[in-house]
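Working notes for the structure below.
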Amino acid sequence: MLRNSNSKSKGGFAFGLGRILLVCVCVCVVPIEFGVVRVTEAEFFKPFNVTYDHRSLILDDKRRILISAGIHYPRATAEMWPDLIAKSKEGGADVIETYVFWNGHEPVRGQYNFEGRYDLVKFVKLVGSNGLYFFLRIGPYACAEWNFGGFPVWLRDIPGIEFRTNNAPFKEEMKRFVSKVVNLMKEEMLFSWQGGPIILLQIENEYGNIESSYGKGGKEYVKWAARMALSLGAGVPWVMCKQPDAPYEIIDTCNAYYCDGFKPNSRDKPTMWTENWDGWYTEWGGRLPHRRVEDLAFAVARFFQRGGSFQNYYMYFGGTNFGRTAGGPLQITSYDYDAPIDEYGLLSEPKWGHLKDLHAALKLCEPALVATDSPKYIKLGPKQEAHVYQANVHPEGLNLSLSEHPSICSAFLANIDEKRAATVTFRGQTYTLPPWSVSVLPDCSNTAFNTAKVRAQTSVKLVEFGLPLVSSVLPAQQLMHHNGISHISKSWMTTKEPINVWSKSSFTIEGIWEHLNVTKDQSDYLWYSTRIYVSDDDILFWKENDVHPKLTIDGVRDILRIFVNGQLIGSVVGHWVKVVQTLQFLPGYNDLMLLTQTVGLQNYGAFLEKDGAGIRGTIKLTGFKNGDIDLSKSSWTYQVGLQGEFLKFYSEENESTEWVELTPDVIPSMFTWYKTYFDVPGGTDPVALDLESMGKGQAWVNGHHIGRYWTLVSPKSGCEEVCDYRGEYNSDKCSTNCGKPTQTLYHVPRSWLRASNNLLVMLEEIGGNPFGISVKLHSATIICAQVSESYYPPLEKLVNSDLIGQEVHANNMMPEMHLRCQEGHIISSITFASFGTPGDSCQSFSRGNCHAPSSISIVSKACQGKRSCSIQISNSVFGGDPCQGVVKTLSVEARCTLPSRDGFFNFEALSSF
């Protein structure tokens, strides 16, 4: 058994959990019986029922404390899914969560798509095969910063329809799709009672935010949605998030940055957090939001401290808005969300690692948490408090020779003071709590984790220029190197997009039609064309009175471009903004062309079906001699989309276009198509295109639409040099990237690429320079860590079943530093190491007055040439105490590289993977 000790000691930590922790460890590491063996091809678990009480979800008659990881399957490729799921599981997740995206699954009414990135069945089965549970949020309204909130645009055209209210046409369509998804999951045997991983479903989504807009119809709709969902016989609980009036049979849940104060609307329901916003989304021209992991861990620990039982990270992996799936208005292609796994599938450290440690600590507490109906509250100070979970239970399945049933006890000590640390006394012991932190005590005695003390490494992700493969590449397709910059190609082909009506499908009609009513969202672009006659009297009137004709429009979204006689006169960007644009006409007939563009359809709010896009209200010409001209009643010719879209310029099969060679001295022009071929290096490092030299447009690689791009620059102000995690977070706190383009790198999944001759096609709208485009490799090149003697021992050792029944000595439970490169990379060098009192932070570490001379040699010997390593934080490891009476810290910075980067494969490094 574990040796009991109640004291911290210099150079180590004696973790005295004794009998109490032995019970806790055993319960936590023994999987529940249905979570181990896949019985048949269709059965991932032994079939089990899911119910709930006031404390938690109950899986197979066992209460559970569950950690869920949000992953939206269409925001990654199917080839990325296994790695994302595996990293979520390694990070401590029990559950994978996703929305269902109706417009992706039913792009045409009655025609379904469950293939490729939309192969939901495959995604659920991959989760189950990894031994994880699944939370399926059907909605079918998703929001999710997804185009039109996940609704298919054809839904607007159903006669008499009103979205998300007590409206018969909408309810019929909603029920049809929700039934389709539920029945598909049943057919594939994916619910828990069938041996599948699905334990939880959601109907509707954050409707409580807008319910009042619909009056009585909204209240009736909520009741109907609940009855409809329950009638489908899914056999697992349903939730509604942000829905205070959720019916009794439906669990209402919380979505927010903090949910520790949330309580459901019935004492019979558990406290659940369906969206813990661990970052935030980004809009074009905006700063990049970040949420420090110390605050995120604080929010999670507080939630479980105060009675929470289920928590889902939104997002655990954010991913990419490929194609035109980004929502609106103006949301960017990246959906990285500052998540624990980044857009490319790499771990974001220290966020992932620190949360992994938190999850391990919570799992140690799970037996006490589920055995207790509610915690005991103890006030420890003005802004300090404890919640204690203690119960006398007989832990099933343990072969213990105890004279009496043990008491299990876990506690959380919180300091919610934003500025000051506090020393508190709890059960006769003193604890120092950093500001804005929670300490987790799995045995009510020893601290296993504190949210403000980050032991996990920091990974610094760098982008490097990709080198061409050694292959028979045409000279016109080779990379070029100029002034130290590696460009994608020195040979580009180009063709112009006509600024006129070009298709037989165009039509002429009187009046201004709403953008979506015409495009059906088959394209971002809609052309409006009319002819204006300008008399000699008008010209004379303008000269004599020094006035100019103007175009006025009541409202426009998202982008309007105004052309007169084929020349761009002005552009407007905004969300239903008023337009007043001075025009220049010639005598006689003038062609006035308006181009409206969407940049993601509205994804949030009431009455989405009425929101629309393009032009709204009156449109007129002012300043004419005979008075204003109301163009709202004029004849307009409409053209949907661009010619290049219609002819599929981006397709590898397209051979009909008259492409010509682009020379570097050509002045960049608007609405131009470019194409070239490029190579990528081998390996597994994620690939991105650097499009900083471009303006605005869309890009395709080998026919795959990688998304919209735009080099809109963020404000110069609003970023903090030092981000203080203490205090409540909001999306404007800890922002970065001020004064720079919001997004310049665009993810190209490896599965979409070939080793050579990849076709890149660009549609440039405003005049970018394709010669500046480069291919970048995305990797965590630098890793750093700082671990002090005062930190806690690695939680992996506490949950290692090999320790059960063994004595664990204090010197085996000392703090440790863990370093790990991403898959395929090794630690090639240690660029800084100091055991003592080092200063500063990653990439700027400095030695302090106290330093062990052996630091770099000890760390290099332990780590160099390996993918991962660990170093114990103790005087003995570094040859003695370099400065007695001082708490020592080890700071390390290392570089990770590919083993074959120097041209020789490192077999020794491979053996350490």
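Of all the listed residues (355, 296, 362), the sole one being open to solvent by less than 10 Å² (accessible area, probe 1.4 Å), under 28 Å from residue 448 (Cβ atoms) and touching an Asp or Glu at 6+ places or on another chain (Cβ under 8 Å) is 296. From the residues in segment 721-735 that are surrounded by 14 or more Cβ atoms within 10 Å (Cβ to Cβ) and either closer than 19 Å to residue 330 by Cα or among the aliphatic types (A, V, I, L, M) (or both), which one is farthest from the chain's Cα centre (by Cα)? Across segment 721-735, the extreme among qualifying residues is 735. With respect to the stated conditions, residue 670 fails to be at pLDDT 95 or above, part of a loop (DSSP other than H, G, I, E, B) and of a type in the set (A, V, I, L, M, F, W, C).
When segment 560-569 is filtered for residues that are aliphatic (A, V, I, L, M) and open to solvent by 60 Å² or more (accessible area, probe 1.4 Å), only 568 remains. Residues in segment 570-594 that are of a type outside the set (Gly, Ala, Ser) and open to solvent by 50 Å² or more (accessible area, probe 1.4 Å): 573, 575, 576, 578, 580, 582, 584, 586, 587, 589, 591.
Would a scan of segment 846-859 turn up a residue that is open to solvent by less than 30 Å² (accessible area, probe 1.4 Å), closer than 29 Å to residue 341 by Cα, of a type outside the set (Asp, Glu) and modelled with pLDDT of 95 or more? Checking segment 846-859: at least one residue is open to solvent by less than 30 Å² (accessible area, probe 1.4 Å), closer than 29 Å to residue 341 by Cα, of a type outside the set (Asp, Glu) and modelled with pLDDT of 95 or more.
Against the test of being under 28 Å from residue 817 (Cβ atoms), assigned to a loop (DSSP other than H, G, I, E, B), at pLDDT 95 or above and hydrophobic (A, V, I, L, M, F, W, C), the options 411, 452 yield a single qualifying residue, 452.
Of the residues that make up segment 267-285, is at least one among the aromatic types (Phe, Trp, Tyr), farther than 19 Å from residue 736 by Cα and in contact (Cβ under 8 Å) with a residue 40 or more places away in the chain? The answer is no, given that none of the residues of segment 267-285 is among the aromatic types (Phe, Trp, Tyr), farther than 19 Å from residue 736 by Cα and in contact (Cβ under 8 Å) with a residue 40 or more places away in the chain. Anything in segment 899-908 that is within 21 Å of residue 869 (Cβ to Cβ) and either open to solvent by 40 Å² or more (accessible area, probe 1.4 Å) or at pLDDT 95 or above (or both)? List them, or say none. The answer is 900, 901, 902, 905, 906, 907, 908. Has segment 112-128 got at least one residue that is open to solvent by less than 10 Å² (accessible area, probe 1.4 Å), touching a Gly at 6+ places or on another chain (Cβ under 9 Å) and not basic (Lys, Arg)? Yes, the conditions are met somewhere in segment 112-128.
In segment 184-203, which residues are open to solvent by 10 Å² or more (accessible area, probe 1.4 Å) and under 15 Å from residue 102 (Cβ atoms)? Matches in segment 184-203: 184 only. I'd like to know if segment 211-231 contains one or more residues that are farther than 17 Å from residue 249 by Cβ, buried (at least 17 other Cβ atoms within 10 Å of the Cβ), out of contact with any helix residue (DSSP H, G or I) (no Cβ under 6 Å at 6 or more places or on another chain) and modelled with pLDDT of 95 or more. Yes: segment 211-231 contains one or more residues that are farther than 17 Å from residue 249 by Cβ, buried (at least 17 other Cβ atoms within 10 Å of the Cβ), out of contact with any helix residue (DSSP H, G or I) (no Cβ under 6 Å at 6 or more places or on another chain) and modelled with pLDDT of 95 or more. From the list 98, 77, the lone residue that is over 26 Å from residue 364 (Cβ atoms), open to solvent by less than 10 Å² (accessible area, probe 1.4 Å) and part of a strand (DSSP E or B) is 98. The number of residues in segment 374-396 that are more than 34 Å from the chain's Cα centre (by Cα), part of a loop (DSSP other than H, G, I, E, B) and surrounded by fewer than 16 Cβ atoms within 10 Å (Cβ to Cβ) comes to 3. Candidates are the residues of segment 860-870 that are open to solvent by 40 Å² or more (accessible area, probe 1.4 Å) and in contact (Cβ under 8 Å) with a residue 24 or more places away in the chain; the one that is farthest from the chain's Cα centre (by Cα) is 864. When segment 247-258 is limited to residues that are surrounded by fewer than 24 Cβ atoms within 10 Å (Cβ to Cβ) and under 24 Å from the mean Cα position of the chain (by Cα), the one that is nearest to residue 62 (Cα to Cα) turns out to be 252. Just wondering, is there one or more residues in segment 303-319 that are small (Gly, Ala, Ser) and open to solvent by 10 Å² or more (accessible area, probe 1.4 Å)? For segment 303-319, residues small (Gly, Ala, Ser) and open to solvent by 10 Å² or more (accessible area, probe 1.4 Å): present. In segment 696-713 there is at least one residue that is of a type in the set (A, V, I, L, M, F, W, C) and surrounded by fewer than 16 Cβ atoms within 10 Å (Cβ to Cβ).
Here's a check for you: in segment 760-791, which residue that is open to solvent by less than 20 Å² (accessible area, probe 1.4 Å) and either modelled with pLDDT under 90 or of a type in the set (S, T, N, Q) (or both) is farthest from residue 571 (Cα to Cα)? Taking the candidates together, the pick is 788. Are any of the residues in segment 364-387 among the basic types (Lys, Arg), closer than 28 Å to residue 463 by Cβ and in contact (Cβ under 8 Å) with a residue 12 or more places away in the chain? No - not one qualifying residue is present in segment 364-387. Of the residues making up segment 540-559, just one is surrounded by 15 or more Cβ atoms within 10 Å (Cβ to Cβ) and over 28 Å from residue 577 (Cα atoms), namely 541. Considering only residues that are open to solvent by 50 Å² or more (accessible area, probe 1.4 Å) and not in a strand (DSSP E or B), which ones fall in segment 484-521? Across segment 484-521, the qualifying residues are 484, 490, 500, 501, 502, 504, 505, 513, 517, 520. Quick check on segment 871-889. Is at least one of its residues open to solvent by 20 Å² or more (accessible area, probe 1.4 Å), under 23 Å from residue 825 (Cβ atoms) and either in contact with a helix residue (DSSP H, G or I) (Cβ under 6 Å, 6 or more places away or on another chain) or charged (D, E, K, R) (or both)? Among the residues of segment 871-889, not one is open to solvent by 20 Å² or more (accessible area, probe 1.4 Å), under 23 Å from residue 825 (Cβ atoms) and either in contact with a helix residue (DSSP H, G or I) (Cβ under 6 Å, 6 or more places away or on another chain) or charged (D, E, K, R) (or both), which makes the answer no. Scanning segment 232-246 for residues that are surrounded by fewer than 20 Cβ atoms within 10 Å (Cβ to Cβ) and charged (D, E, K, R) gives a single hit, 245. Is there any pair with a first residue in segment 548-568 that is among the aromatic types (Phe, Trp, Tyr) and a second that is in a strand (DSSP E or B) whose Cβ atoms are under 6 Å apart and which are 6 or more apart or on different chains, and what are they? As it stands, the answer is 563/593, since those pairs meet every condition given.
The values are calculated or read from the model by the stated rules, or taken from the named source; none is laboratory data. This is a predicted model, so every value here is computed, not measured. FYI the Cβ positions are ideal-geometry reconstructions off the backbone, even for glycines, and counts take in every protein chain you see. Accessible surface is based on the protein model in full, side chains and every heavy atom, while ligands, DNA and RNA are left aside. Shrake-Rupley method; radii C 1.70, N 1.55, O 1.52, S 1.80 Å.
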